[in-house]
Amino acid sequence: MSRSIENIVILTGAGISAESGIDTFRDAGGLWEQHRVEDVATPEGFARDPELVQRFYDMRRAAVQEVEPNPAHHALARLEREFPGELLLVTQNVDDLHERAGASPLHMHGELLSALCAICEARHRWTGTLIEGPPCPACAAKALRPDVVWFGEMPYQMDRIYRALASCDLFVSIGTSGAVYPAAGFVQEAKGHGAQTLELNLEPSEGSHWFDESRHGRAGELVPEWVGEVLTT
Ligand code: OAD
């Protein structure tokens, strides 16, 4: 990275949590090999078989509470604390490992540890199960669903993300396959506004050619190394 950096946007995906023991989606043995996306990650799938969908997210919600942040999450939390410029951390992940490392991510695809009321749209921190149909703490309707963004739904806070992409001078993508839009298009958006772009991923992502620089390896090693570089230049 050449010129001095004052404004960074970071996008993370499932790869950053892989070394904590959370399955990614598209790697061999990943979640989308074990489950059909249409069944567990669409509003239509939920309408068809709510129990199946609630069970899927109840299991993931329980699993996420059994794992710990890894060195990549800790390094980004350190960057958030120590970087003197602007920094926005956007995650596609629905786990809370960035928070538990001490960072404040924007969860564009929602959060496992949150329940969304389909009636009043209130969001509640939720650590237990939803399959038994508990009432919404705000309106009492038995209409709580996982607060995760499904295919065909609008990700959270897109206006804020696009504003940040338009003014950043460095965009960094970490541990994401670049297969799902709109997140997969962030690199082109940032580049179009003149930002440098860097990818840190186990292997070249689908959009790897869009990045000025790609480093391949495990997030637990690449991210602390890169954060060290940013904080010493
Ligand atoms: P994917 O499973 O599509 O991609 C994970 C990426 O992480 C792959 O490119 C892997 O090579 C890489 N990876 C795996 N282990 C890694 C490691 N230890 N260090 C670094 N990289 C590693 O996951 P996402 O790109 O996050 O959305 O998926 C995007 C969205 O698709 C998810 O948010 C989810 C999913 O469907 C919704 O459900 C709406």
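Quick notes on this one:
- Residues that are more than 14 Å from the chain's Cα centre (by Cα) and either more than 9 Å from the ligand (Cβ to nearest atom) or of a type in the set (Phe, Trp, Tyr) (or both) within region 17-31 comprise SER20, GLY21, ALA28, GLY29, listed in sequence order.
- Subset of region 65-85 (residues that are within 14 Å of the ligand (Cβ to nearest atom) and over 30 Å from ASN7 (Cβ atoms)): VAL67
- PHE83 being surrounded by 14 or more Cβ atoms within 10 Å (Cβ to Cβ), among the aromatic types (Phe, Trp, Tyr) and over 28 Å from ALA195 (Cβ atoms): no
- So ARG60, is it open to solvent by 20 Å² or more (accessible area, probe 1.4 Å) and at pLDDT below 95: no
- If the condition is being without any contact (Cβ under 8 Å) to a residue 24 or more places away in the chain and not small (Gly, Ala, Ser), then region 181-233 contributes TYR181, GLN188, LYS191, GLU203, PRO204, HIS209, TRP210, ASP212, ARG215, HIS216, GLU225, THR232.
- Taking the criterion of being within 11 Å of the ligand (Cβ to nearest atom), more than 15 Å from the chain's Cα centre (by Cα) and either β-branched (Val, Ile, Thr) or surrounded by 15 or more Cβ atoms within 10 Å (Cβ to Cβ) (or both), the only residue of region 134-187 that qualifies is PRO146.
- Residue in region 86-101 that is nearest to ASP159 (Cα to Cα), counting only those that are open to solvent by 10 Å² or more (accessible area, probe 1.4 Å) and among the aliphatic types (A, V, I, L, M): LEU88
- Test: residue in region 103-119 that is farther than 26 Å from ARG26 by Cα and in a helix (DSSP H, G or I): no
The values are calculated or read from the model by the stated rules, or taken from the named source; none is laboratory data. If you're wondering where the values come from, they're calculated on a predicted model, not measured in any experiment. As a convention, Cβ positions derive from the backbone with ideal geometry for all residues, glycine included, and neighbour counts pool all protein chains shown. Keep in mind that these areas ignore ligands, DNA and RNA; they rest on the heavy atoms of the full protein, side chains included. Shrake-Rupley method; radii C 1.70, N 1.55, O 1.52, S 1.80 Å.
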